1. Inside the stretch 270-281, can you point out the residues that are surrounded by 16 or more Cβ atoms within 10 Å (Cβ to Cβ) and touching a residue at least 40 places away in the same chain (Cβ under 8 Å)?
2. Looking at the structure I just gave you, is Gly334 closer than 26 Å to Ala251 by Cα and not charged (D, E, K, R)?
3. Quick one: which of Val258, Val288, Val284 is farther than 30 Å from Asp332 by Cα and crowded, with 18+ Cβ neighbours inside 10 Å?
4. Would you be able to say whether some residue in the stretch 96-105 is buried (at least 20 other Cβ atoms within 10 Å of the Cβ), in contact (Cβ under 8 Å) with a residue 40 or more places away in the chain and small (Gly, Ala, Ser)?
5. Could you check the stretch 117-143 and list, in sequence order, the residues that are free of Cβ contacts under 8 Å to residues at least 60 places away in the same chain and either touching a strand residue (DSSP E or B) at 6+ places or on another chain (Cβ under 7 Å) or farther than 27 Å from Val66 by Cα (or both)?
6. Suppose we keep only residues that are within 13 Å of the chain's Cα centre (by Cα) and either of a type outside the set (Gly, Ala, Ser) or not assigned by TED's automatic domain parsing to the domain that holds Gly185 (or both) within the stretch 71-83. Which one would you say is farthest from Leu346 (Cα to Cα)?
7. Give Gly147, Gly219 a once-over and let me know the one that is in the same structural domain as Ala292 (by TED's automatic domain parsing) and small (Gly, Ala, Ser).
Amino acid sequence: MWDTLAPIGRAASGGYSRFGWTPVDRVLREWFASEAQARGLDLVTDRAGNNWAWWGSPSRDRPGVVVGSHLDSVPDGGAFDGPLGVVSAFCAVDLLRSRAFQPSRPVGVACFSDEEGARFGVACAGSRLVTGALPADRGLALTDGDGVSMAAAMRSAGVDPTAVGRDDEALRLVDAFIELHVEQGRGLVDLDRPIAVGSSILPHGRWRLDLAGEANHAGTTRLEDRRDPMLDLAAVVTAARSAAKARGCVATVGKVTVVPNGVNAIPSAVTAWLDARGDSARAVAADVGQAAGTAPVEESYTPDIRFEPTLVTRLSRLLGDAPVLGTAAGHDAGILAAAGVPAAMLFVRNPTGVSHSPAEHAEREDCLAGVEALAAVIAELAA
């Protein structure tokens with residue numbers, strides 16, 4: 001599976017560009033469908049375009065245990081963030097079947113759409129749409145860098161945007177959701193353990209800052225006559241760092257657009273996006289906006305998420321008192337948990353802690369330990 005998935009959306013750098021509702025995304029969905037078909041699983045697409053492959057037939061009276069993650073990436077992202085959870089989910093099903101395990105309730109493998117939000121700017125768009133955390137009208141109106149709306153992108157991918165919205169019927173079929181994910185930090189490296197159970201996700205959000213200026217000639221305009229929004233951008237970047245440090249958070253300005261984006265032209269406008277995470281993330285955004293003299297526009301925000309404590313404890317004991325770790329990385333499991341779905345996560349050791357980069361990695365032995373852990377969790381919850 002890993003070999004057939006690896007070439008899809010791969011860039012010359014060795015990283016990946018797998019964005020939602022693109023031709024590459026279509027190939028990824030075809031890959032998921034083929035893996036489901038090869039196992040005789042029933043493939044279902046919900047109102048938000050997320051894919052579910054079912055071993056058994058779930059119902060309101062007999063909801064299932066679901067595992068999985070996502071297949072899309074950040075720009076030039078790594079191979080493991082998302083796909084490891086999907087591949088491991090299929091592998092766990094294979095492993096349980098090889099042991100003649102017969103679940104007493106249905107087991108599902110889920111693949112959520114547009115988790116990274118790389119194209120339309122809102123992370124976990126698929127899970128937010130299906131839970132109603134992202135209203136359909138707002139989500140469909142989002143546009144990418146070329147001005148293409150999410151509605152138009154879905155339509156071109158063969159999905160009816162008029163059907164998009166909160167899908168209570170799909171959510172009722174989920175009794176528990178467990179997402180396996182490569183760790184995006186060094187917690188397990190420091191603990192010298194291959195697997196951990198996720199306990200929580202810190203508050204995190206994304207804000208857009210629109211910085212206005214005046215286009216002019218770079219060579220003939222005196223410094224005192226310039227209205228250069230790049231100076232405001234500099235204030236945004238430095239304020240993000242200082243505000244995050246002062247408030248015990250992390251903050252990043254990782255995406256910028258400049259108009260007209262010419263070497264010899266003073267910009268007329270700059271748009272910057274702020275990512276802030278921690279208990280005071282919103283306060284950091286307010287500090288940055290004050291430093292830049294503009295009001296940040298909140299594009300998405302997820303409050304503190306605590307996975308169901310009894311479920312977390314149960315899984316940790318099941319996996320030999322596996323360590324329990326929180327994270328500042330957002331995940332579909334967090335969106336489902338916020339919507340009332342019992343959810344938890346498993347983390348697989350990342351030897352360097354590097355993520356959202358072509359250098360992202362997990363060792364084969366640790367990945368196999370993750371499959372064993374996921375299979376044990378399914379056997380426990382679906383017995």
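The values are calculated or read from the model by the stated rules, or taken from the named source; none is laboratory data. Small disclaimer: the values here were computed from a predicted structure and weren't measured. Counting neighbours? That spans all protein chains shown, and the Cβs are built from the backbone with ideal geometry, glycine included.
1. Of the residues in the stretch 270-281, the ones surrounded by 16 or more Cβ atoms within 10 Å (Cβ to Cβ) are 270-278, 280-281.
Selection gives Val270, Thr271, Ala272, Trp273, Leu274, Asp275, Ala276, Arg277, Gly278, Ala281.
2. Values: closer than 26 Å to Ala251 by Cα: yes; not charged (D, E, K, R): yes.
When the stated conditions are applied, Gly334 passes them.
3. Val258
4. Checked against the condition, which is being buried (at least 20 other Cβ atoms within 10 Å of the Cβ), in contact (Cβ under 8 Å) with a residue 40 or more places away in the chain and small (Gly, Ala, Ser), the stretch 96-105 yields no hits at all.
5. Passing the criteria: Asp137, Arg138, Leu140, Ala141, Leu142, Thr143.
6. Here the residue is Pro75.
7. Details: Gly147 fails: in the same structural domain as Ala292 (by TED's automatic domain parsing).
Criteria check complete, one pass: Gly219.
Residues checked against (1) closer than 20 Å to Leu381 by Cα; (2) assigned to a helix (DSSP H, G or I); (3) touching a Leu at 6+ places or on another chain (Cβ under 6 Å):
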| site | (1), (2), (3) |
| --- | --- |
| Val66 | yes, no, no |
| Phe80 | no, no, no |
| Leu84 | no, yes, no |
| Gln102 | yes, no, no |
| Arg105 | yes, no, no |
| Gly121 | no, no, no |
